[in-house]
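Q: Provided herewith is a single structure, encoded as structure tokens, for subsequent inquiry.
The values are calculated or read from the model by the stated rules, or taken from the named source; none is laboratory data. Every value quoted in this text rests on a predicted model; they were computed, and no experiment measured them. Every residue, glycine among them, receives a Cβ derived from its backbone with ideal geometry; neighbour counts consider all protein chains shown.
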Amino acid sequence: MIGDGMLNTATIGNGMLNTAMDLWENGGNLVLSKTDLRENGDDLTARSSEIGSVTARRRSSFRVTSDRSRPPPLRLRVVDSSSLTARLLPARLLRTVRCFLPQALKGQCACVLSGVGFISPVQDSSSSSKRIRVDFDLENLPSDPGLRQKISSYHPNNHDEIRRYYLAKGPCQPVHDYPISHFSGKPRRFRSEWYVDRNWLEYSIDKDAAFCFYCYLFGQDVGKQGGGDTFITKGFKLWNQLAKLESHVRGVNSAHNHAVKKSEDLLKEKQHIQSVLVKQSNQDKLDYRVQLNAIVDCIRFILCRGLAFRGHDESQVLQRVPKNCKLTHSDIQKDIVNAIARETSKVIIKDLENGFFSILVDESRDISVKEQMSLVLRYVNKKGIIIERFLGVVHVASTTALSLKNAIECLLCEHNLSLSNLRGQGYDGASNMQGDINGLKTLILKENNSAFYVHCFAHQLQLTLVAVAKNHINIAEFFYVVSNLVTVVGGSCKRRDALRDAQFAKIREDLENGVRRSGQGLNQETNLKRPGDTCWGSYYGTILNLILMFSAVVDVLEIIEEDGLSDQKVEARSIMRRPRRNTQQNTNLHHYRAELFYTVIDMQLQELNNRFSEANTDLLRCMACLNPSNSFVAFDKEKLIRLAKFYPSDFLGTDILALDSQLQNYIFDMRSNDLFLELQGVSELAEKLVSTRKHETYPLVYLLVKLALTLPVATATVERSFSAMKYVKNELRNRMGDRFMNDCLVVYIEKDVACSIDNETIMQRFQDMKTRRRQL
């Protein structure tokens, strides 16, 4: 029986002789170590004619010995003092051990009994190292096998939970631009083809090493065979010795196959001990399946509509279900939501098919003032259709470029994606994103020079219009007057009512005079919109409404000028009586055409050119040659070959030569085929190439088309994800956790994918997440 601690002589005192007597009567020895003995001097000696001599010295050990022979050791662990019974120990020794046991459990003393009633030596706690348990969070467990902690470093009660988590995710098998290592002067590297027929093989991007998925999960339980810890902690890097991968598997009774068998058994509910202790009939399992299926339907309905998980009265619905398995607890609900979200992401990654992709990234604060980073994948699927899918939202404590890059890498690695397959980056114009020295785009370009950055076209146009509006004095003055006019006229409910009444009287007068037509959808009630710099289209809407309501606005300004307060009168008079420009020199046509329109267009073009780098401009010009409009009039073979050179990892030297000949045959075939004459864009071209199977005839040309379509254009999908986040995590649900919010957003935004997943798949993943009370 083993406790954790040392026997404290200061605590025992003179009762030590009684303990020694008990031990002598039952045979055995006791070792006590402590540096601070009682204040009896340096030596403490006690003699007894029955047991011999007992001696202890400061900074030494106190030993009581007996010449009796001891039986073979039989070790048991003491968990509770009540487990010590008279059947195992004599009554006198039982009282003594129970006296010391509470102190042992508090870390003050320890005792080890070998056999029944025999105590063996215990080492000092200062010399024995205690095992450090690693705290864990399932949300933050690393996906990269090179960054994982050993299973044995976690608490034993958490081993199965961690194993289930990794089994649900599957092995980490990223398709990556694997680095080259040299063996005897020959270059070798890991190959993604090795994943085929090796569902156990994992690759660590961090360590550039291969690992065994199942041996990591159960290697400590089956021994060290098939390479020892190489495939568990160190990692296999001998790329020139592929045969060692096969030798790791070995025969049926190998350690690897035992680990695989244990992994399979862990996911089999019928082999769990709970299924033996709690018997369930077939009718019980059928009822549980019906109940769980209905719960999944309800949760799917709630998630796809962004509703809260709040029920009014479920007593009538849950009358026939067991009281201990209603499946309405918040933890159960979150597990089902997580199962639906993971299956949704799994379908998205499967549709990607390990191809190249672009990322769209942006940050925004949620209702609880936490910075959230949203990531969207843009790729071309196997049908040639451009797809933008929401991958997830991650809470970032810092918005520095390095922090964002680490968060992006972790999120991609969680879904077995790699930055080496990245072919485009789409962000807004923030400095931490587009910085040329330490920006996010620069950090990613250092790892992958084919991941070209494109500033969101919508943001560029917005920033260009704002810059022009601020730099041109006449335009700036005009929009200042418009904003001031909206503020003055719509500043109170009374003024808005006056504006509405004046507009209604104007419409009625025009209808009576026959100036306006009446009909369905005509003469609707309008109001002045307040413009904003972040949405330049709002200015356009404000100006349109101002033109329609101009006479009513003038009437309201006259009312304010007569009856308003002093400050309001000044504002209304400044708008009504603003001095006009002297137009004696030029006509209105020359003024608005030459001095305004031409000048503003030149400023906008100059601003747009300044926001595009030379490389991006050349890249976009080359991509424009793929446009099929007007019978491929924009086709230019030389520019398309130059476009291929922008992607050296996708087009090798021999591919460039093959592309030259393919382009000649391609343009002749396209212009002579009636199916391709009426196409209006590159996206339509990609779909038509796949539907006619021309993408197999011209694979390199189709690769150029895919690269052109993969390049991001706007970050509208990311902005919509933030709108969804505000809808899902609102003021009433402001305590929602990050993982739960991410799961809800994945299902809510990608509801078309989530609805295509059958309930059986979701229920099976839910059952595999933990040991459930009931079985399917």
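Q: Looking at 363, 409, can you tell me which residue is buried (at least 18 other Cβ atoms within 10 Å of the Cβ), more than 30 Å from residue 692 (Cα to Cα), in contact with a strand residue (DSSP E or B) (Cβ under 6 Å, 6 or more places away or on another chain) and among the acidic types (Asp, Glu)? Don't jump to the end; show me each part of the working.
A: Numbers: 409 fails: in contact with a strand residue (DSSP E or B) (Cβ under 6 Å, 6 or more places away or on another chain).
Answer to the selection: 363.
Q: Can you spot a residue in segment 236-253 that is touching a helix residue (DSSP H, G or I) at 6+ places or on another chain (Cβ under 9 Å), closer than 26 Å to residue 352 by Cα and modelled with pLDDT of 90 or more?
A: Looking for residues that are touching a helix residue (DSSP H, G or I) at 6+ places or on another chain (Cβ under 9 Å), closer than 26 Å to residue 352 by Cα and modelled with pLDDT of 90 or more, one finds none in segment 236-253, hence no.
Q: Within the group 502, 572, 498, which residue is touching a Leu at 6+ places or on another chain (Cβ under 8 Å), farther than 28 Å from residue 600 by Cα and small (Gly, Ala, Ser)? Lay out the reasoning, then the answer.
A: Numbers: 502 fails: touching a Leu at 6+ places or on another chain (Cβ under 8 Å); 498 fails: touching a Leu at 6+ places or on another chain (Cβ under 8 Å).
Among 502, 572, 498, only 572 is touching a Leu at 6+ places or on another chain (Cβ under 8 Å), farther than 28 Å from residue 600 by Cα and small (Gly, Ala, Ser).
Q: List the strands (runs of 3 or more DSSP E) that sit entirely inside segment 144-225 and contain at least 2 residues that are surrounded by 16 or more Cβ atoms within 10 Å (Cβ to Cβ) and at pLDDT 85 or above. Walk me through it before giving the result.
A: Numbers: elements: 181-183, 186-188, 201-204, 209-212.
Strands (runs of 3 or more DSSP E) meeting the threshold: 201-204, 209-212.
Q: So, in segment 652-680, how many residues would count as being out of contact with any Leu (no Cβ under 7 Å at 6 or more places or on another chain), surrounded by 13 or more Cβ atoms within 10 Å (Cβ to Cβ) and in contact (Cβ under 8 Å) with a residue 24 or more places away in the chain? Give the derivation first.
A: To start, the set of residues in segment 652-680 that are out of contact with any Leu (no Cβ under 7 Å at 6 or more places or on another chain) comprises 652-654, 656-657, 660-661, 664-678, 680.
With surrounded by 13 or more Cβ atoms within 10 Å (Cβ to Cβ) added as a condition, the list becomes 656, 660, 666-667, 669-671, 676-677.
Add one more test, that the residue is in contact (Cβ under 8 Å) with a residue 24 or more places away in the chain, and what stays is 666-667, 669-671, 676-677.
Residues meeting the conditions: 7.
Q: When you go through (1) at pLDDT below 90; (2) of a type in the set (Asp, Glu); (3) within 23 Å of the chain's Cα centre (by Cα) one by one for residue 388, which number turns out not to apply?
A: (1)
Q: Right, something else. Suppose we keep only residues that are outside any helix (DSSP H, G or I) and closer than 21 Å to residue 336 by Cβ within segment 712-745. Which one would you say is modelled with the highest pLDDT?
A: Taking segment 712-745 and keeping what is outside any helix (DSSP H, G or I), we get 712-715, 729-730, 734-737.
Going one step further and asking which of them are closer than 21 Å to residue 336 by Cβ, we end up with 729, 735-737.
Details: 729: 93, 735: 89, 736: 90, 737: 90.
Looking at residues that are outside any helix (DSSP H, G or I) and closer than 21 Å to residue 336 by Cβ, I get 729.
Q: Same structure, new question: Suppose we filter 708, 644, 686, 714 for residues that are surrounded by fewer than 19 Cβ atoms within 10 Å (Cβ to Cβ), touching a residue at least 40 places away in the same chain (Cβ under 8 Å) and in contact with a helix residue (DSSP H, G or I) (Cβ under 8 Å, 6 or more places away or on another chain); which single one remains? Even if it seems obvious, please write down each step before you answer.
A: Working: 708 fails: surrounded by fewer than 19 Cβ atoms within 10 Å (Cβ to Cβ); 644 fails: surrounded by fewer than 19 Cβ atoms within 10 Å (Cβ to Cβ); 686 fails: surrounded by fewer than 19 Cβ atoms within 10 Å (Cβ to Cβ).
714 is the lone residue from the list that is surrounded by fewer than 19 Cβ atoms within 10 Å (Cβ to Cβ), touching a residue at least 40 places away in the same chain (Cβ under 8 Å) and in contact with a helix residue (DSSP H, G or I) (Cβ under 8 Å, 6 or more places away or on another chain).
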